[in-house]
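Read-outs throughout are calculated quantities, based only on the coordinates presented, and are distinct from any laboratory measurement. Since the model is a prediction, treat every value here as computed from it, not as a measurement. All Cβ positions, glycine included, derive from the backbone under ideal geometry; neighbour counts span all protein chains shown.
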Amino acid sequence: MESLNLKGMSGAVDNSKYVIEANRLYEQGNYESAAAFYEKGLDKSIPFVNEDFVMYRLGDCYLLSERYEEALKVFQTLNSDYINSSYQFKSRLKTGECYAALGEYKKARKTLYSIVAQEGKCCSDDDKLTVVDSYYKIAEYYMQEAERLRKVAAGGPGYSDRPLALK
């Protein structure tokens, strides 16, 4: 991989170059490497306009790399610190996905219901699609939890009381 020149003429680090490289890696499906560049791009000493986008992408990289606890922390931060972000709905959806991957279906559904409750406030088609995705995921998580409980009750093949992320 070629070395990036991330220092400007003044010696200050240009965060946008980290983000550009992270975006390239993300689009190629290299989520672990992209996460490292997004982390560097989030240097809090130099705030920038698209910080919520970078936070969202960092959380998504963690989620896609099955680093569920880290993803959950990033999405929770995005949800609480960037209240007016255009990524609010998507971030809450991803928060629910993290909880489900960790086997915490009740928290997953509660998070997704918080999106559904905001359905009337959707402004963009993207937000409306996120609400629809939430409905589907709520149903999916009920079915996954029911299947897990059936296996626990039966004690049969595939029995496990451990969350999906620990299997």
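Some points to look at:
- Counting charges near Tyr142 (Lys, Arg +1; Asp, Glu -1) among other residues having Cβ under 14 Å from its Cβ returns a value of +3.
- 11 Å beta-carbon shell around Lys110, net charge (K/R +1, D/E -1): +3
- Förster radius 45 Å - calculated FRET efficiency between Ser86 and Ala153 (Cβ-Cβ, nearest 0.05): 0.55
- Summed residue charge, Cβ within 12 Å of Ile83's Cβ, Lys/Arg positive, Asp/Glu negative: -1
- Sites matching GluC sites (Glu not before Pro) across region 19-102 that sit in DSSP coil, with at most 13 neighbouring C-beta atoms within 10 Å: Glu66
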